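All remarks here apply to the structure that follows.
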């Protein structure tokens, strides 16, 4: 993954702030992953494997265990009666504050907790600097809604209870200086009930569940691939503020997986393509100007909302762009749609046909083409719209997938135009085809391919 000139840092033990602050990363580009699961389920192992596979310095790991509250003298005397698996055992407010700062690109000081003394170190801390990816790991990281809402991906690590108990005994006796009897007593009295009451119910918030923890290499490989995709998207988004990538979830990744499969049926290809197109269109509409509007609700109350942009039209690049028209019509009742036909031969393009609304210069234009490859066809279509009097800032280019080469071409030439896509590809091959790509999208969508 190439860097865009910013510097990235891991956390490191420190007793004082660094002499110079690291480069801050825009909050919209920071990807936060939550990793939860029962005690000794393999959460840390999963996190370590993710970081090792990424093999860069743009990922930092923050443990919820660092935010344990220090015990009072009375609590230390009765430590065997203290429930370390209860939400109240953590300083949740500090955890939330820390995550807010990290998400905004600021460096933070994370406490160091001594599990033998049950206290925080008073003269030491961990300095966590700005990074592209923040992994927050802990048994109860999904319990607090404010923390969940800041996460882009939530992973629940699942493991057999007997396996977790065995690991817990080994960890607490070797690393935390406890005897087996006290570990078993604490497990029966606090750990298992807390898991049933507080941890297991948060499993429903997970985007992905990993059975067998660190032994599940397939699941971890998929997660790493997803993160790499996000890092690549973020890198281009830093370069071009007019580039907008819709939020990637395992739902969107699943739909992308289906429409990229050459064995998928035409019916399923159209169905899942339409779902993704609708998401892109909805996202693109969010960049249109809105005016405030007040309405009276059925309860007689006043609701202050917004009114939709009135002067709007769509323009599809024939022929594959026509696949996006139904989604636009479903979102914008009675919208006018123009057509542009451009003949493309490798890197050469020629305008063949155009039919656009007469008053297009007065409208905001949603230009539609599902695949942005070299950017040559898109650039010619945009230039035509500008010649027709459409201000560049009023054009929103909607597509499903974009090659980096096309993004560079369009975003450099038209810095005031907005590009909205659902995924950024690896690039172009020697035949100028998008890789991994969707193939000939128009043929696959309209059923005119050879198969």
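Against the criterion of being surrounded by fewer than 21 Cβ atoms within 10 Å (Cβ to Cβ), touching a strand residue (DSSP E or B) at 6+ places or on another chain (Cβ under 7 Å) and in the same structural domain as residue 318 (by TED's automatic domain parsing), residue 405 qualifies.
So, in segment 121-143, exactly how many residues are free of Cβ contacts under 8 Å to residues at least 60 places away in the same chain and buried (at least 18 other Cβ atoms within 10 Å of the Cβ)?
Let us first name the residues in segment 121-143 that are free of Cβ contacts under 8 Å to residues at least 60 places away in the same chain, namely 121-122, 143.
When the remaining residues are screened for being buried (at least 18 other Cβ atoms within 10 Å of the Cβ), the result is 143.
Of the residues in segment 121-143, 1 are free of Cβ contacts under 8 Å to residues at least 60 places away in the same chain and buried (at least 18 other Cβ atoms within 10 Å of the Cβ).
The residues of segment 355-388 that are in contact with a strand residue (DSSP E or B) (Cβ under 9 Å, 6 or more places away or on another chain), touching a residue at least 40 places away in the same chain (Cβ under 8 Å) and in a helix (DSSP H, G or I), listed by number, are 360, 377, 378, 381, 384, 385.
Taking (1) under 17 Å from residue 41 (Cβ atoms); (2) not assigned by TED's automatic domain parsing to the domain that holds residue 84 in turn, residue 262 satisfies each apart from (1).
Would you point out the residue of segment 77-106, among those that are in contact with a strand residue (DSSP E or B) (Cβ under 8 Å, 6 or more places away or on another chain) and under 20 Å from residue 186 (Cβ atoms), that is surrounded by the most Cβ atoms within 10 Å (Cβ to Cβ)? For segment 77-106, the residue satisfying everything is 90. Every condition in (1) out of contact with any strand residue (DSSP E or B) (no Cβ under 8 Å at 6 or more places or on another chain); (2) surrounded by 19 or more Cβ atoms within 10 Å (Cβ to Cβ); (3) assigned by TED's automatic domain parsing to the domain that holds residue 141 holds for residue 210 except the one numbered (1).
Would you confirm, using the coordinates I've provided, whether residue 246 is over 22 Å from residue 418 (Cβ atoms), touching a residue at least 24 places away in the same chain (Cβ under 8 Å), surrounded by 12 or more Cβ atoms within 10 Å (Cβ to Cβ) and assigned by TED's automatic domain parsing to the domain that holds residue 394? So residue 246 does not fit the description; no. When the strands (runs of 3 or more DSSP E) confined to segment 245-335 are screened for residues that are closer than 23 Å to residue 383 by Cα and modelled with pLDDT under 95, those reaching at least 1 such residues are found at 312-318.
Which residue, of 414, 432, 441, is at pLDDT below 90, surrounded by 13 or more Cβ atoms within 10 Å (Cβ to Cβ) and in the same structural domain as residue 247 (by TED's automatic domain parsing)?
On the way: 414 fails: at pLDDT below 90; 441 fails: at pLDDT below 90.
None of the other options fit; the residue is 432.
Out of all the residues in segment 51-58, is one or more free of Cβ contacts under 8 Å to residues at least 60 places away in the same chain, in the same structural domain as residue 207 (by TED's automatic domain parsing) and under 18 Å from residue 214 (Cα atoms)? Scanning segment 51-58, I find at least one residue that is free of Cβ contacts under 8 Å to residues at least 60 places away in the same chain, in the same structural domain as residue 207 (by TED's automatic domain parsing) and under 18 Å from residue 214 (Cα atoms), so the answer is yes.
The values are calculated or read from the model by the stated rules, or taken from the named source; none is laboratory data. Since the structure is predicted, the reported quantities are computational estimates derived from the model, not experimental observations. Heads up, the Cβs are rebuilt from the backbone with ideal geometry, glycines too, and the neighbour counts pull from every protein chain shown.
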